[in-house]
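Report on the structure given below.
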Amino acid sequence: MKKLLNAPTAYVDEVLDGLTLAHPSLVRDGTAGRVIRRASGIRSGKVGIASGGGSGHLPLFTGYVGSGLIDTCAIGNVFEGPNIDSCMDAIRLANGGRGVLRLYGNYGGDRMNFDMAGEFLEEERIHTTTVLGTDDIASGTQDERQKRRGVAGLIYAYKAAGAKAEEGADLDEVTRVARKAVDATRTIGVALAPCRVPTADRPTFSLAGDEIEMGMGIHGEPGIWRDKLKPADAVVDEMIDRLLADQPVTTGRISILVNGLGATPLEELFILYRRAAERLRQAKIEIVQPLVGNYVTSMEMAGASISLHAIDDELATLLAAPADCPFWRVP
């Protein structure tokens, strides 16, 4: 697993330098330079949205800082959550005077540091709320949804909350729609080959050349089963079956995200989408604003995830609202 890098310890900072040089709408900020914010800053009177997580998942997390999405993002080392100082910086920089929603994935280190940051900043009269992404159905049962990890489906919560904040809604309303978007979203992934963290000398997990693992997490967390590679249609059929069994789409409308984990060709993602769209049509489910591409990666892991975001009129309107960031534009 060869990598184009300089010093492994400089990996994240050099990525952030390159990201902001290539996209002037983004700026590095914070005491350690580990916060990405909008170059235009937070608009006074607007509810802010701060997120964060480990590096290695671009475009998540920093790539979704932009109009109609999130305002700031604290970033940690590869597959490591941001430290408490960066979390505090991200919240401060997202504060436009009407409070800040902390919106991030359900991982222990991220929760601890963002929770502590929120408590400390209450002393500065910055009011915050929290919504956690919990869309990974392979990481917990229906009865234990609060334990599920946040993966690719988190971007739907970014979109809903970001659109609501741009409307001028208050913190309670922005928080409500973020939670509604999380509750309406389910994701499952499949891995074909591992990745390697720049500072490590071996891959994050081992998988034989003829094997796949259903339900593996974006950091290499164990999945549901491991078996021989199957045809794409069979893999998609199981993923769709599991997603629909976990949350029947009672609204009759969904947005679907077929997401590449880093090393899977776009052509293969379209093969997966082809079958997924066919299955949803058979179930008489209307597809609205489908997404196919690399939206949440795991370094150079080979594989893909599928997210289903069940929408009603409110979520459909928020999904269609204008948004602009380096990796997702809705005109």
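A simple spin-label model places pseudo-atoms 7 Å from Cα toward Cβ; at residue 84 and residue 170 they are separated by 3.1 nm.
I want the antiparallel fraction of DSSP beta bridges within region 1-149, as a percent rounded to 5.
Values: 7 of 23 bridges.
About 30 percent, rounded to the nearest 5.
Between residue 2 and residue 31, the simple label model (points 7 Å from Cα in the Cβ direction) yields a spacing of 4.2 nm.
DSSP beta bridges fully contained in the chain are about 60 percent antiparallel. Applying a threshold of 31 Å to the alpha-carbon distances of 3/46; 147/230; 3/230 flags 3/46 as lying beyond it. Across all directions, the average projected area of the convex hull around the alpha carbons of region 61-149 is 6.3 nm². Computed about its Cα centre, the charge dipole of the chain is approximately 380 debye, with only Lys, Arg, Asp and Glu carrying charge at their Cβ.
What is the calculated FRET efficiency for residue 224 to residue 143, with r their C-beta to C-beta distance and R₀ = 22 Å, to the nearest 0.05? Don't skip to the answer; put the middle values down first.
Numbers: r = 17 Å, r/R0 = 0.75.
Here the calculated transfer efficiency is 0.85.
If the chain linking residue 287 and residue 267 were pulled fully straight, counting 0.36 nm for each residue of separation and taking away their Cα-Cα distance, it would gain 5.2 nm.
Region 184-226 to region 111-165: how many Å between their Cα centroids? First find each Cα centre; the distance between them is then 23 Å. Computing FRET efficiency as 1/(1 + (r/R0)^6) for residue 321 and residue 127, where r is the C-beta to C-beta distance and R0 is 25 Å, gives about 0.55.
Keeping all protein chains in place and using 1.4 angstrom, which order do 255, 25 fall into by accessible surface area, from largest down? Working shown, then result.
On the way: 255 0, 25 65 Å².
The ranking, largest first, comes out as 25, 255.
Straight-line cross-link reach from residue 284 at under 16 Å between alpha-carbon atoms covers these aspartates and glutamates, not counting any fewer than eight positions away in the same chain: 237, 241, 312.
In region 249-331, taking the dipole from charged Cβ atoms about the Cα centre, the farthest positive-side position among 249, 261, 303 is held by 249. Among the trypsin sites (Lys or Arg not before Pro) found in region 1-51, those both in a DSSP coil and sparsely packed, with 10 or fewer other Cβ atoms within 10 Å of their Cβ, are 2.
Kindly provide the trypsin sites (Lys or Arg not before Pro) of region 113-148 that DSSP labels as loop, not H, G, I, E or B, and whose Cβ sees at most 15 other Cβ atoms within 10 Å. Present the calculation step by step, with values, prior to reporting the outcome.
Working: sites: 125, 145, 147, 148; in loops: 125, 148.
Loop-located and lightly packed - 125.
The apolar share of the surface of the chain, taken as the fraction of accessible area on carbon and sulfur atoms (1.4 Å probe, ligands and nucleic acids excluded), comes to 52 percent.
Computed over the chain with a Gaussian network model linking Cα atoms closer than 10 Å, the most mobile of 47, 258, 15 is 15. Which of 160, 232, 193 ends up with the largest GNM mean-square fluctuation for the chain, with Cα atoms connected below 10 Å? It is 232.
I need the calculated FRET efficiency for the pair residue 250 and residue 10, taking r as the beta carbon distance and R₀ as 45 Å, to the nearest 0.05. Could you put the intermediate results ahead of the total?
On the way: r = 49 Å, r/R0 = 1.10.
Efficiency computed from Cβ-Cβ geometry: 0.35.
Most simply put, region 199-331 has about 70% antiparallel DSSP beta bridges, counting only bridges with both residues inside it.
The values are calculated or read from the model by the stated rules, or taken from the named source; none is laboratory data. Note that the coordinates shown come from a computational prediction; the quantities given were computed from them, not determined experimentally. Methodologically, a virtual Cβ is constructed for each residue, glycine included, from the backbone with ideal geometry; neighbour enumeration extends over all protein chains shown. Heavy atoms of the whole protein, side chains included, go into the accessibility calculation; ligands, DNA and RNA do not. Shrake-Rupley method; radii C 1.70, N 1.55, O 1.52, S 1.80 Å.
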